[in-house]
Amino acid sequence: MANRQRAEARRKAAAKAASQKEGGNSNALWIGLIAVVAIALAALIVVVAGGDDETATPSSDSSTQVTSAFPTSQPATISGDVLPQYNNDAETDDGVGLTAPTVKGLTFGGEEITLDSADGAYMVVFLAHWCPHCNAEVPRLIDWKKSGAVPADLRVIGVATAVAEDAPNFPPAEWFNNKGWPWPVLVDQSAGAGVAGEVAKAYGASGWPYFVIVGADGKVKVRVSGEVEAAELESIVTAALAS
């Protein structure tokens, strides 16, 4: 009798264990199915929201979007006589001593900017984003500013000119930003892709980079075209402001 009871107890225990195992396998199966469905739904949401590679939303990098959205040409009002075109090979510059034209223009962001001597002497630096000499000169100018050698009474204004969409470093706003240009930039009024803009022509530009220093009296003191080393630039600026 005792043996039969023990045997019956073992049979019931074995049956209970088998039942628990089947239930565990069933639970694991349901959990697996739920996970598969969740993954499928997530993938469907991604496809619907993002689309394929051809229709996907562009990168949301804020700095790139902001600079690329800026205009590449801005209207400019030019008053006074334009300067003769600069001739780098001439012994003397016919533009020196003439009154520089006054220019009212806009920055990339649409702020008004004026080229005149109302606030004293100023230096205009005309730059083209695709120009290799400009790309070499800009770091020199930045180092010049960092050195503290820029005279306190000299305003420096950059001019983004000769813009070309199919040339390197387009758009110009992004180029100036990436270079770390520290001064205001007037956006030239375009006169055609890759050629001198209206402001550059008014100041007699013939190549890039192109520098024009105007004294507090409104007269052109010096004009220079091409790359200029920092030491030479300091000498040019000192002589110009003293004249």
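Throughout, read-outs are computed from the coordinates displayed, never taken from laboratory work. Fair warning: this is a prediction, and the values are worked out from it, not measured in the lab. Cβ coordinates were reconstructed from backbone atoms using ideal geometry, including for glycine residues, and neighbour counts include every protein chain displayed.
Please report the antiparallel percentage of the DSSP beta bridges confined to region 69-242, to the nearest 5. Approximately 65 percent, going by the DSSP bridge assignments.
Can you compute the charge dipole magnitude of region 144-186 about its Cα centre, using +1 on each Lys and Arg Cβ and -1 on each Asp and Glu Cβ, nothing else charged? Give it in debye, rounded to the nearest 20. Walk me through the numbers before you get to the answer.
Values: 4 positive and 4 negative charges, 63 e Å.
Dipole size: approximately 300 debye.
What's the center-to-center distance, using Cα atoms, between region 172-197 and region 113-162 in Å? First find each Cα centre; the distance between them is then 12 Å. All other residues whose Cβ lies under 11 angstrom from that of W130 are scored, Lys and Arg at +1 and Asp and Glu at -1, for a net of -2.
In terms of its C-alpha gyration tensor, region 69-242 comes out rounded, because the ratio a/c of the largest to the smallest axis stays below 1.5.
Going down the list K104/K146; K146/K201; K146/K219; K104/K201, which pairs span over 26 Å between their C-alpha atoms?
K104/K146; K146/K201; K146/K219
What is the local net charge at V96, summed over the other residues whose Cβ is closer than 15 Å to its Cβ (Lys, Arg +1; Asp, Glu -1)? Here the charged neighbours net out to -2.
Around T72, what is the net charge, scoring Lys/Arg as +1 and Asp/Glu as -1 over all other residues with Cβ under 13 Å from its Cβ? Write down the numbers at each step before the final one.
Values: positive: none; negative: E165, D166, E174, D188.
Net of charged neighbours comes to -4.
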